[in-house]
Each structure stands twice: as structure tokens, then as C-alpha cells.
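The values are calculated or read from the model by the stated rules, or taken from the named source; none is laboratory data. No experiment lies behind these values; they were computed from the predicted model shown. Cβ coordinates were reconstructed from backbone atoms using ideal geometry, including for glycine residues, and neighbour counts include every protein chain displayed. Please note that ligands, DNA and RNA were not included when accessible areas were found on the heavy atoms of the full protein model with its side chains. Shrake-Rupley method; radii C 1.70, N 1.55, O 1.52, S 1.80 Å.
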Amino acid sequence: MCIVHQMDLESPSAFECAQWGCGECQDALVRRHEGLVHTVLRRQSRDGMAYEELLQEGRVALWKAVLGFDPQRGVAF
């Protein structure tokens, strides 16, 4: 367990903690940015797929993005 949990989720430390395997930080970051998934789904056509199915795929993609994000590059998540 790490000490990052009380810190700002936008800080590089939160992403680093999540990338080291902290499930609590991973979940918090995915919940924090889940609105991005909903925004993309509203803008894209669904082609007959269930919204819930697409939402789950979007959450997986967001989780992978959290794990692969490099805050040292100087760009915002």
C-alpha cells in the first residue's frame, strides 16, 4: 500500500503508484476519467452494439491508458 491515496489524482505520483500495481489508485484514476469514455460513446455511432458493452470496452481502454501514461512527457491526461 502506498501513501499516494490522499494526494491529488492529477499528480504524477498517482499515475506512478497505479503503474506500480496499486489497485486503489488504478480504480480512482479510472473513475476520475470515466467521463471521457461516456463522451466518446455519445459522439460515436454504436452500430447496433449495446451501450453497456461499449462502456466496458471503453473502461478497459481507459485502464490501459492509465497504466501506459507517462506524466514526465509534459502532457495532460
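Kindly report the accessible area of the chain per residue (heavy atoms of protein chains, probe 1.4 Å, no ligands, DNA or RNA), in Å². Could the numbers behind the result be given before it?
Working: 5490 Å² over 77 residues.
So the chain comes to 71 Å² accessible per residue, rounded to a whole number.
How far apart, in nanometres, would the label points at Asp47 and Glu34 be if each is projected 7 angstrom from Cα along the Cα-to-Cβ direction?
2.6 nm
Can you give me the relative contact order of the chain as a percent, contacts being Cα pairs under 8 Å and 6 or more apart? Mind showing how you got there, number by number?
Numbers: 58 pairs, mean separation 24.6, N = 77.
The value is 32 percent.
Springs between alpha-carbon pairs under 10 angstrom, Gaussian network model over the chain: which of Arg31, Arg43, Arg59 fluctuates most?
Per the Cα network of the chain with a 10 Å cutoff, Arg43 tops the list.
Which of Gly21, Gly58, Gly48 moves the most in a Gaussian network model of the chain with Cα springs under 10 Å?
Greatest mean-square fluctuation among the candidates belongs to Gly48.
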